[in-house]
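Engineer: Below you will find the structure I want to go over with you.
The values are calculated or read from the model by the stated rules, or taken from the named source; none is laboratory data. Note that the structure is a prediction, hence the values are computed from the model and not measured. Note that each Cβ is placed from the backbone with ideal geometry, even for glycine, and that neighbours are counted across all protein chains shown.
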Amino acid sequence: MPIRVHDVVNHDASLVSRKAWSDPHLYELEKRGIFGHAWLFLAHTSQLPNLGDFVQAYMCETPIIVTHGNDGNIHALINSCSHRGLPVCRADRGNAKSFVCPYHNWNYSVEGSLQAIPQEQHLEGRTDRSLLGLKRVPRVEQWNGMIFGSFDEEIEPLDDYLGDMRWYLDAFFGRFPKGIEFIGSPQRWVIDANWKLPVENQLGDVNHGPFLHAAVIPPEANAEVFELGRSVVTAPGHGATFRLMPEGAPLEQVAWGFEGMASLLAPEVHDYLREVQARAIESVGPLRSRMKGLTYGVFPNLSFLWSNTAFKVSHPRGPGKVEYWSWSVVPADAPDAFKRILRGNHTAFFGPGGILEQEDSEAWTQQRIGSEIDFADDRPYYYGLGLNEEKPDPELPGLVGVTANEFYARNFFLRWRDALAAVEDEA
Amino acid sequence: MSTTLASPERQYEIEQWYYREARMLDGRQYQSWLALCHPEIRYVIPGRGNPQVPNRERGKEDMISIERELEGVDSDGLPIRDETMAYLMLRVERSFKANAWSENPPARTRRIVGNIEILGEDDAGALSVWSAFHLHYARPGSASFLYAGQRRDVLAPGEQAGAYLLKNREVILDMAEVAYPTLGLFL
């Protein structure tokens, strides 16, 4: 008998079974119930400035090519030939006139339509090519340059799906006159961990910082998080954490970019960062100008690390493996030399070689081991910290709590449970 | 940079430098290793991707050059690591704390450095040295891993005669995907 979803997460999600992190049947339900019905992050428009530009992406385990078509539109295509299934694109990114399958040279346009079947010149019949294009991701939408795709044709519009997360994301994007851009390729690494733990880590778990990362994060930085930190859930599965700095705090205490060492080592960018913050009251308003972000999460597997400026996607590779992608994000209007300096705030601390994130990879791997042990099924993981302590706020959209309150994770698992329950009795 | 062959004495001197460095790193003597680094060191691991193979370059070695795959510090791409002495000091300081959890218990490493080739010397006496390494990595409770790569170093003359300091290191890793526990090692 496969495990039942309602036996995995209890009524208020204060208890979550170890099986949620390790069971192959639940993983198959996650694919259908969550990844089949969500908006999944694919790419940013700054990666695809020209007609014919493409980048590779994943939707769960399915390989996707995201293209800037010659029609000017963004397309998301499954990277698998309609003839024998080989990938038609092997490069991570680039600019293409067409995609050609190596096996028999079936040729596809960058918009995904099948243009040529070379074997046909030796045959009498003609195949209906209109039915044999690359399989399209049925829904592709953008918000503020962020490109998402969904396998669910009936899914709500992306704007509605993001909801109030747009307000929180804009608190960052809106600070820069030309918004943000993604720099280079994402860092990609494989971790022997379940995909949900990196997600949970960024969704609201800034509280692990003073403990897991005590070797590197100074106590005063942790004190600021305890004192001024807010955790917000705008809708189950979405969340944001940030510090709400006091009115009148000095610019460099609030400004983005001063936290990483890159700016300490590069005084020439200080004036730029201060100017960005000085404009923030005007660009994002008085309340959001005081926000000093930490981590964000968009259901199911997109994260935004404001403090060290990365977008991250946790791509599942089975119940016990994840391919983690992390893009460095910089202000689009900054001079190139500043961008190269500011990307260092990400690379030195995060990614597969990051001083901080190597500890996270370790924790996530060890949690997987804990989730696979025997004779402990009667000890589900405890998610009850701060139960019902979160409240609405007169100024901030969503429910708001202190960062030690695990309501962000409870809300994630309530949405997770319902999404899986909806498909568990499907044939 | 000159292109003349290094003298046997110079070659021997530099090989000994690399063996000493490997002994310190595998012996977890990171503080001693830092003393081999120049105050202005740049320590870099470029990102390594899978670019399009340019058809117009077909027939030429450049078509499939390693350089095309790298996102280094001078590119508009994203290196894996890009560090100065301050970062390296932070890493070394962290290594000797009990709560540096990804190294508690610490990894057991053993590296073989070879193919040490002195490619040239600039006017200030700094040597351009390329080498290759295989590094075996094991941590209690984890699997073992083999790291392979190339180092492209600049060794600057130190104050004492015959001493060299590591001024520049670019580590080209040969993995197809990053499936290692960490790239936070001193490679």
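Engineer: Taking the stated definitions as given, is B:ALA143 of a type in the set (Gly, Ala, Ser), without any contact (Cβ under 8 Å) to a residue 12 or more places away in the chain and within 14 Å of another protein chain (Cβ to nearest Cβ)?
Structural biologist: Criteria met by B:ALA143.
Engineer: Within the range A:316-326, which residues are within 10 Å of chain B (Cβ to nearest Cβ) and either among the hydroxyl-bearing types (Ser, Thr, Tyr) or in contact with a Lys or Arg (Cβ under 6 Å, 6 or more places away or on another chain) (or both)? Spell out how you get there, then give the answer.
Structural biologist: Step one: list which residues in the range A:316-326 are within 10 Å of chain B (Cβ to nearest Cβ), which gives A:321, A:323-324, A:326.
Once the filter is applied, which keeps residues that are within 10 Å of chain B (Cβ to nearest Cβ) and either among the hydroxyl-bearing types (Ser, Thr, Tyr) or in contact with a Lys or Arg (Cβ under 6 Å, 6 or more places away or on another chain) (or both), the range A:316-326 yields A:GLU323, A:TYR324, A:SER326.
Engineer: If you don't mind, another one. Being closer than 15 Å to A:SER185 by Cα and in a helix (DSSP H, G or I) is the filter here, so list the residues in the range B:68-105 that pass it.
Structural biologist: B:ARG68, B:GLU69
Engineer: Taking the residues in the range B:151-162 that are within 15 Å of B:ILE41 (Cβ to Cβ) and not acidic (Asp, Glu) as candidates, determine which candidate is surrounded by the most Cβ atoms within 10 Å (Cβ to Cβ).
Structural biologist: B:LEU155
Engineer: Report whether or not B:TYR137 is within 14 Å of chain A (Cβ to nearest Cβ) and assigned to a strand (DSSP E or B).
Structural biologist: Working: within 14 Å of chain A (Cβ to nearest Cβ): yes; assigned to a strand (DSSP E or B): yes.
In short, yes.
Engineer: Out of everything in the range A:82-116 that is under 18 Å from A:SER130 (Cα atoms) and of a type in the set (D, E, K, R), what residue ends up being surrounded by the fewest Cβ atoms within 10 Å (Cβ to Cβ)?
Structural biologist: Among residues in the range A:82-116 that are under 18 Å from A:SER130 (Cα atoms) and of a type in the set (D, E, K, R), the one surrounded by the fewest Cβ atoms within 10 Å (Cβ to Cβ) is A:ARG84.
Engineer: Also, I was wondering about something else. Between a first residue in the range A:336-358 that is within 15 Å of A:PHE182 (Cβ to Cβ) and a second residue that is part of a helix (DSSP H, G or I) and at pLDDT 90 or above, which pairs have beta carbons less than 7 Å apart while being 6 or more apart in sequence or on different chains?
Structural biologist: A:LEU342/A:VAL269; A:PHE350/A:GLU357; A:GLY351/A:GLU357
Engineer: List pairs: first in the range A:105-126 and closer than 16 Å to A:SER82 by Cβ, second among the acidic types (Asp, Glu), Cβ under 8 Å, 6+ apart or cross-chain?
Structural biologist: A:GLU111/A:ASP71; A:ARG126/A:GLU120
Engineer: Just to be sure before I move on: is A:ALA193 part of a helix (DSSP H, G or I), of a type in the set (A, V, I, L, M) and buried (at least 23 other Cβ atoms within 10 Å of the Cβ) in the structure I sent?
Structural biologist: Here the answer is no, as A:ALA193 does not meet what is asked.
Engineer: In the range B:38-50, how many residues are surrounded by 17 or more Cβ atoms within 10 Å (Cβ to Cβ), within 8 Å of chain A (Cβ to nearest Cβ) and touching an Asp or Glu at 6+ places or on another chain (Cβ under 6 Å)?
Structural biologist: The number of residues fulfilling the criteria is 2.
Results for (1) under 16 Å from B:LEU187 (Cβ atoms); (2) outside any helix (DSSP H, G or I); (3) modelled with pLDDT under 95, shown as yes or no for each residue.
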residue: B:ILE14; (1), (2), (3): no, no, no
residue: B:TYR18; (1), (2), (3): yes, no, no
residue: B:MET24; (1), (2), (3): yes, no, no
residue: B:ARG28; (1), (2), (3): yes, yes, no
residue: B:GLN31; (1), (2), (3): no, no, no
residue: B:TYR43; (1), (2), (3): yes, yes, no
residue: B:GLN52; (1), (2), (3): no, yes, yes
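Engineer: Residues being more than 18 Å from the chain's Cα centre (by Cα) and either within 10 Å of another protein chain (Cβ to nearest Cβ) or not hydrophobic (A, V, I, L, M, F, W, C) (or both): count how many of those fall in the range B:59-75.
Structural biologist: The total comes to 7.
Engineer: Restricting attention to the range B:81-94, which residues are of a type outside the set (D, E, K, R) and facing chain A (nearest Cβ under 7 Å)?
Structural biologist: B:THR84, B:ALA86, B:TYR87, B:LEU90 - these are the residues of the range B:81-94 that are of a type outside the set (D, E, K, R) and facing chain A (nearest Cβ under 7 Å).
Engineer: Still on this structure, I have one more. Pick out, from the range A:221-297, the helices (runs of 4 or more DSSP H) lying fully within it that include 1 or more residues that are at pLDDT below 95, among the aromatic types (Phe, Trp, Tyr) and not assigned by TED's automatic domain parsing to the domain that holds A:GLY174.
Structural biologist: none
Engineer: Could you check B:LEU78 against (1) within 14 Å of another protein chain (Cβ to nearest Cβ); (2) under 16 Å from B:TRP33 (Cβ atoms); (3) of a type in the set (A, V, I, L, M, F, W, C) and say which number it fails?
Structural biologist: The single condition B:LEU78 does not satisfy is (2).
Engineer: Quick one: would you say B:VAL171 is away from chain A (no Cβ under 14 Å) and among the β-branched types (Val, Ile, Thr)?
Structural biologist: no
Engineer: A further question follows. Somewhere in the range A:147-160, is a residue modelled with pLDDT of 95 or more and at positive phi?
Structural biologist: No, that holds for no residue.
Engineer: Quick one: B:ARG56 ticks every box in (1) assigned to a helix (DSSP H, G or I); (2) surrounded by 13 or more Cβ atoms within 10 Å (Cβ to Cβ); (3) within 14 Å of chain A (Cβ to nearest Cβ) except a single one, so which number is it?
Structural biologist: Unmet for B:ARG56, out of (1) assigned to a helix (DSSP H, G or I); (2) surrounded by 13 or more Cβ atoms within 10 Å (Cβ to Cβ); (3) within 14 Å of chain A (Cβ to nearest Cβ): (2).
Engineer: Considering only residues that are touching a residue at least 40 places away in the same chain (Cβ under 8 Å), out of contact with any Lys or Arg (no Cβ under 6 Å at 6 or more places or on another chain) and not in a helix (DSSP H, G or I), look in the range A:9-32 and name the one that is surrounded by the fewest Cβ atoms within 10 Å (Cβ to Cβ).
Structural biologist: A:ASP12
Engineer: Taking B:VAL129 and the conditions (1) in a loop (DSSP other than H, G, I, E, B); (2) touching a residue at least 60 places away in the same chain (Cβ under 8 Å); (3) not aromatic (Phe, Trp, Tyr), which numbered condition does it fall short on, given that it satisfies the others?
Structural biologist: It fails just one condition, (1).
Engineer: Now a separate question. From the list B:ALA98, B:ALA124, B:ALA148, exactly one residue is loosely packed, with under 14 Cβ neighbours inside 10 Å, more than 17 Å from B:LEU36 (Cβ to Cβ) and within 13 Å of chain A (Cβ to nearest Cβ). Which is it?
Structural biologist: B:ALA98
Engineer: Additional query: Suppose we keep only residues that are among the aromatic types (Phe, Trp, Tyr) and closer than 20 Å to A:VAL225 by Cα within the range A:383-414. Which one would you say is surrounded by the fewest Cβ atoms within 10 Å (Cβ to Cβ)?
Structural biologist: Checked the range A:383-414; the qualifying residue surrounded by the fewest Cβ atoms within 10 Å (Cβ to Cβ) is A:PHE407.
Engineer: Taking the stated definitions as given, is A:ALA249 more than 23 Å from the chain's Cα centre (by Cα), farther than 24 Å from A:ASN405 by Cα and small (Gly, Ala, Ser)?
Structural biologist: Against the criterion (more than 23 Å from the chain's Cα centre (by Cα), farther than 24 Å from A:ASN405 by Cα and small (Gly, Ala, Ser)), A:ALA249 qualifies.
Every residue, every condition in (1) at the interface with another protein chain (Cβ under 9 Å from one of its Cβ atoms); (2) in contact with a Lys or Arg (Cβ under 7 Å, 6 or more places away or on another chain), yes or no:
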site: A:SER328; (1), (2): yes, yes
site: A:ALA334; (1), (2): no, no
site: A:LYS339; (1), (2): yes, no
site: A:ASN345; (1), (2): no, no
site: A:PHE349; (1), (2): no, no
site: A:ILE355; (1), (2): yes, yes
site: A:SER361; (1), (2): yes, no
site: A:GLU372; (1), (2): no, no
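Engineer: Here's another thing I want to ask about it. Is it the case that B:ARG110 is closer than 30 Å to A:GLN367 by Cβ, away from every other protein chain (no Cβ under 13 Å) and touching a residue at least 40 places away in the same chain (Cβ under 8 Å)?
Structural biologist: yes
Engineer: Mind checking which strands (runs of 3 or more DSSP E) fall wholly inside the range A:33-128 and carry at least 3 residues that are modelled with pLDDT of 95 or more and of a type outside the set (A, V, I, L, M, F, W, C)?
Structural biologist: So the answer is A:53-59, A:62-68, A:93-95, A:107-109.
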